[in-house]
1. Which members of the stretch 54-91 meet the condition of being under 30 Å from Ala44 (Cα atoms) and polar (S, T, N, Q)?
2. How many residues does the stretch 61-91 hold that are over 25 Å from Glu7 (Cβ atoms) and surrounded by 13 or more Cβ atoms within 10 Å (Cβ to Cβ)?
3. Where the second residue is among the β-branched types (Val, Ile, Thr) and at pLDDT below 80 and the first is over 27 Å from Phe48 (Cα atoms) and lies in the stretch 78-91, which pairs have Cβ atoms under 7 Å and are six or more apart or on separate chains?
4. Filter the stretch 26-49 down to the residues that are at pLDDT 65 or above and closer than 20 Å to Ile85 by Cβ and list them by number.
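The values are calculated or read from the model by the stated rules, or taken from the named source; none is laboratory data. None of these values were measured; they are calculated from a predicted model. For neighbour counting, all protein chains shown are included, and Cβ atoms are generated from backbone atoms with ideal geometry for every residue, glycine included.
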Amino acid sequence: MAIAFEETCKKLVVELGVGTADDVVSVQQLTGELAKTMSSRDEAVQYFIDRQPAGRFGQPEEIAGLCAFLASDDGAFVNGQAICIDGGITI
């Protein structure tokens, strides 16, 4: 599914052209209401954390920081990118 988002992002850049900023933020595991309900399975949660290079779940604020950057003037030259923010689990 991530590839479909990335390709859609690239097509938007080509179709919409100059003056647009089209990027995709691919989010993996986060804390939040859903993750809190899953955390009752301590063993599964610990297994994930042990495999996660960051050693923890991500926080919604961390995703918001990336989105704020991409939407700001500082991120204006970043275009057509699919950025995976996952604490390093996909490397």
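1. Of everything in the stretch 54-91, those that are under 30 Å from Ala44 (Cα atoms) and polar (S, T, N, Q) turn out to be Gln59, Thr90.
2. Counting residues in the stretch 61-91 that are over 25 Å from Glu7 (Cβ atoms) and surrounded by 13 or more Cβ atoms within 10 Å (Cβ to Cβ) gives 1.
3. Taking only residues 6 or more apart or on different chains, the pairs are Asn79/Val13; Gly80/Val13.
4. Selection gives Ser26, Val27, Gln28, Val45, Phe48, Ile49.
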